[in-house]
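Visitor: Here it is: the structure, laid out below.
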Amino acid sequence: MLLGASLATFFGRLLSVGAPDLRGALRLDFDSASWIGTIYNMGLMFIGPFSVYLGGLLGPKRVLFVSATIFTLLCIVMPFAGHLPVLLFLLATAGMTAGTFYPLTLSSILRNLPQSYLHLGIAAYAADIVITTHMAHSYEGWLMGAVSWQWIFWTTALLTPIMHAQSATQDIAAGRVAVLFAGSIRQQAFTLSIMDAFTLIACVATACLLIIACLQGLKVGFRQIIATSAKSAS
C-alpha cells in the first residue's frame, strides 16, 4: 500500500514541476495553467476525511481497488482532454480517487503492524512520500527530453495497476484469494446522521477553499486574488 501513497504524491509533484511544459503543450496562459496542480490537490484534500469512513464501511481493499481503477483510467484519458474545464474536472476526480491512498495506507500500517514496529512503519510511510517528492523533479526533466509531456499522466497509469498485483500476491501468499465485493456493508458500526454528514462536508469544503486560496495566492499573487474577489463581490 505504500506504493499508493507514493503514486498520489508523485503525480502531484509531476503536475507542479511540469506546469511550464504543460502550459506550453496545452497552449494555456499562466493563470489558467496554475489551476492544474491546485485542482488536483483540492481533490486530495476533499476526499481525505471521508476515506477512513469509506474504508471502515466498505473495506479498505474495496475502496482502494475502485479508486485505483478509476485513477488509472483518468490518467490515460487526461492528455486527450480538449478543453481546460474538462481537464480540470478530470484532475479533480483523479485527486478524489488518489486521495484515498494516503489515509488508507496509514491506517493499514497502524492496523496490521505489531505495536513494537509501528514507529518503523510510520517512518517508512514518511520516507516514502519524501523520496517520491524529490524523484519527480529529475523524472519530469527526463520525460520532456526523452519522450513527451503526455507521460506526465501516463506514468502513473502504468504504475497504479502494480497496487492490484501487490494485493493479489499478498493474498495468495497468505493462502487466501481476496473477494473484493463479497460480504456485507457494516452499516450499524459506521453510520452518519444527516447533520453529521452536512457538517463534515461543510468543514472539508471550507478547508479546500482555504487551500485553493493559499495555493493560487502563491502562484499568481495574493493581491490579484483579493482584487478579483473584491471585484466579483461588488
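The values are calculated or read from the model by the stated rules, or taken from the named source; none is laboratory data. These numbers come from a predicted model, not from an experiment. Positions of Cβ are backbone-derived with ideal geometry, glycine not excepted, and every protein chain shown enters the neighbour counts. When the accessible area is computed, the model is the full protein with side chains, heavy atoms only, and any ligands, DNA or RNA have been set aside. Shrake-Rupley method; radii C 1.70, N 1.55, O 1.52, S 1.80 Å.
Visitor: At a 1.4 Å probe radius, carbon and sulfur cover how many percent of the accessible area of the range 14-136? Don't skip to the end; give the middle numbers.
Guide: Numbers: 4180 of 5680 Å².
Carbon plus sulfur share of accessible area: 74 percent.
Visitor: Between ILE70 and PHE30, what length in nm is gained on full extension when 0.36 nm per residue of separation is reduced by their alpha carbon distance?
Guide: Numbers: separation 40, 0.36 × 40 = 14.40 nm, distance 2.89 nm.
Full-extension gain reported as 11.5 nm.
Visitor: Probe of 1.4 angstrom, ligands and nucleic acids ignored: what's the accessible area per residue over the range 55-170, in square angstrom?
Guide: Details: 5710 Å² over 116 residues.
With the other protein chains kept in place, the range 55-170 gives 49 Å² per residue.
Visitor: Let me know the whole percent of all Cα-Cα pairs from the range 1-129 that are separated by more than 27 Å.
Guide: Details: 1972 of 8256 pairs.
Value for the range 1-129 (Cα pairs over 27 Å): 24 percent.
Visitor: Cβ neighbours within 10 Å, averaged per peptide: list 88-101, 58-71, 139-152, 200-213 in order, most packed at the top. Before the final figure, lay out the partial values.
Guide: Numbers: 88-101: 23.2, 58-71: 20.1, 139-152: 15.6, 200-213: 13.6.
Highest to lowest by the protection proxy: 88-101, 58-71, 139-152, 200-213.
Visitor: Let me ask something additional. On full extension of the chain, what length is gained from LEU84 through THR206, given 0.36 nm per residue of separation minus the C-alpha to C-alpha distance?
Guide: Working: separation 122, 0.36 × 122 = 43.92 nm, distance 2.42 nm.
In short, 41.5 nm is gained.
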